[in-house]
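Q: Mind looking over this structure? Questions follow.
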Amino acid sequence: METIKADTIEQYNRFFGFHTQHPLVSVVHFDRSEGQPAEPAYRMTFGFYALFLKKTVGCTINYGKTKYDYDDETVVCFAPGQTIGVQSIEGGPVPEADALLFHPDFLHRTPLAQKIRQYTFFSYASNEALHLSVDERLIIQDYMGKIARELEHPIDKFSKPLIISNIEVLLNYCMRFYERQFITREELNNDVLVRFEQLLDDYWDSGMAQLHGLPTVKYFADIVCLSPNYFGDLVKSETGRTAREHIQLKIVEKAKNALFEPESSTKQIADMLGFQYPQHFLRFFKKEVGCTPKEYLARKDKTVA
């Protein structure tokens, strides 16, 4: 399968036959495209941020190991450096979709440049797309339209601030809609959380920590077939704590229990938990609990006495 590099918005627009009004920002409509790829299947690497609002069947997008068939109104986003695979549906209609494209260089010296990493959905997998209600879709289209109209306006000192502010509001709405999606999928989310708790216990009970060290958010996200960002955001939306905080709490719980084993040394506890060196465990424990393991045991002894 051919891989197409679209490092710039101009390259992307040329590939699909879109007119480029601004080298760093573009709003495109696929049903108005002057050209379609000759090959039904291809891969494309982005050098910019891309937000797609897909409204009809027409193609599937494959990102990593996941594939998503667009059969309703959805939003899917990609960050610079990501590669996606696209497969046109044979005999299907021309995809009806709108896209907002903006290059990282356009964000330089703007507040959005500092905030862009907060929009974690740019690193969600394609099967974690945002499913929209009609009202939500109209809001997304409205802000895309405002950006498109500003691109058609002669450039002046207000152009960039207005475009940046509209991009930021659009992204904030996407954050809100994802929060709504987490809530409406409460039953599914609870299943993920229950499994996460089981996996946390299994990681230490099975001795995985001694073999592979401390667990990561990515380790658990991979097992439940979610991207690390989506998994982390789901856990936080349901519990108020990040997935990383849950892992740290479990380590503290295991450490406290192990300290009451009279024959366990600091090195043995550190090894059991997955720390490479005992001093790393001691620093972690003091940071999370507020005292050393020895001080913790002394306090507990006084409480019992």
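The values are calculated or read from the model by the stated rules, or taken from the named source; none is laboratory data. Given the structure is predicted, the values throughout are model-derived calculations rather than measurements. Every residue, glycine as well, gets a Cβ built from its backbone with ideal geometry; the counts of neighbours run over all protein chains shown. Accessible surface areas use protein heavy atoms only, side chains included; no ligands, DNA or RNA. Shrake-Rupley method; radii C 1.70, N 1.55, O 1.52, S 1.80 Å.
Q: Within the accessible area of the range 130-256, what % is carbon and sulfur when the probe is 1.4 Å and the other protein chains stay in place?
A: With neighbouring chains kept in place, the figure for the range 130-256 is 54 percent.
Q: Compute the helix-to-body angle for 228-239: its Cα long axis versus the longest principal axis of the chain, expressed 0 to 90° and rounded to tens.
A: Computed tilt is about 60 degrees.
Q: May I pose another question? Which of Lys5/Lys55; Lys250/Lys300; Lys5/Lys218; Lys218/Lys294; Lys250/Lys287; Lys146/Lys236 have a Cα-Cα distance over 21 Å?
A: On the way: Lys5/Lys55 25 Å; Lys250/Lys300 19 Å; Lys5/Lys218 27 Å; Lys218/Lys294 32 Å; Lys250/Lys287 15 Å; Lys146/Lys236 32 Å.
Beyond 21 Å: Lys5/Lys55; Lys5/Lys218; Lys218/Lys294; Lys146/Lys236.
Q: If R0 is 35 Å, what FRET efficiency do you get for Gln248 and Gln11 from their C-beta distance, rounded to 0.05?
A: 0.20
Q: Helix 186-205: angle to the longest alpha-carbon principal axis of the chain, degrees 0 to 90, nearest 10?
A: 40 degrees
Q: When ligands, DNA and RNA are left out and all protein chains stay put, how many square angstrom of accessible area per residue does the chain have with a 1.4 Å probe?
A: Accessible area per residue, the chain: 54 Å².
Q: Using alpha carbons only, how many angstrom separate the centre of the range 114-145 from the centre of the range 155-226?
A: Taking the Cα centre of each part, the range 114-145 and the range 155-226 sit 14 Å apart.
Q: Please work out which option in [x] 1.01; [y] 1.09; [z] 1.13 gives Rg/Rh (Cα atoms, Kirkwood Rh) calculated from these coordinates, and answer with its label.
A: Identified label for the calculated read-out: [y].
Q: Turning to a different aspect of this structure: With axes computed from alpha carbons, what is the tilt in degrees of helix 134-152 against the longest principal axis of the chain, rounded to the nearest 10 within 0 to 90?
A: For helix 134-152, the angle is close to 60 degrees.
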